[in-house]
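I have placed the structure first, in the form of structure tokens, so that the comments after it can refer back to it.
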Amino acid sequence: MANLLSTLLANQTALYIKTRKFHWNVAGESFMEYHLLFEKQYKELEENIDEVAERINKLGSPTIGTLKEYIKLTFIKETPGYYPSSKDMVKELLGDHEAVIKELRKNVEECAKRYEDAGTADFLTKLMEDHETNAWKLRRYLK
């Protein structure tokens, strides 16, 4: 269970960093709207990161906390030196949220069936719903 949650923690952290980068670097038309949207999303991710880390501890395992550990476990792709348009930022973040949602759906089922851990399954379901809401909001900007 700790491995599953550590991977989630790594993905949440990588997505947080990317969202923060885009918040800092968004420019052009609708700057303030995107700036505030990204800020709201990275603040939500920050809270979720803390909750995932604490969940790992509640289950009796130590929590990872170095960039090296996160990089080893995350599937969120970084783009050093790349500063996309605001529309491309939205597309990239949407893709990342959708990837996390897909992984969380598998994790919820695994927690419930394989580990018989309803508490973690419920916890992951709430995180999945947060990502679904953020993905929905991002998707609306692409219409």
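The values are calculated or read from the model by the stated rules, or taken from the named source; none is laboratory data. As the structure is a computational prediction, the values presented were derived from the model and not from experiment. Glycine gets a Cβ as well: all are built from the backbone with ideal geometry, and neighbour counts include every protein chain shown.
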Restricting the stretch 19-45 to residues that are modelled with pLDDT of 95 or more and farther than 15 Å from Leu93 by Cβ, the residue that is surrounded by the fewest Cβ atoms within 10 Å (Cβ to Cβ) | Met32
Taking the stated definitions as given, is Leu15 closer than 24 Å to Lys113 by Cα and either in a helix (DSSP H, G or I) or of a type in the set (A, V, I, L, M) (or both)?
-> no
Taking the stretch 99-131, which residues are surrounded by 15 or more Cβ atoms within 10 Å (Cβ to Cβ), within 27 Å of Lys40 (Cβ to Cβ) and charged (D, E, K, R)?
-> Glu103, Asp130
Is it true that Ile56 is of a type in the set (Val, Ile, Thr), surrounded by 12 or more Cβ atoms within 10 Å (Cβ to Cβ) and not in a helix (DSSP H, G or I)?
-> no
From the list Tyr82, Tyr16, pick out the single residue that is aromatic (Phe, Trp, Tyr), in contact with a helix residue (DSSP H, G or I) (Cβ under 6 Å, 6 or more places away or on another chain) and either surrounded by fewer than 16 Cβ atoms within 10 Å (Cβ to Cβ) or modelled with pLDDT of 95 or more (or both).
-> Tyr16
Which number in (1) within 25 Å of Ala53 (Cβ to Cβ); (2) over 15 Å from the mean Cα position of the chain (by Cα); (3) in a helix (DSSP H, G or I) marks the one condition that Leu93 misses?
-> (2)
Pair list, Cβ under 6 Å, 6 or more apart: the stretch 27-55 residue at positive phi, other residue in a helix (DSSP H, G or I) = Gly28/Ser86
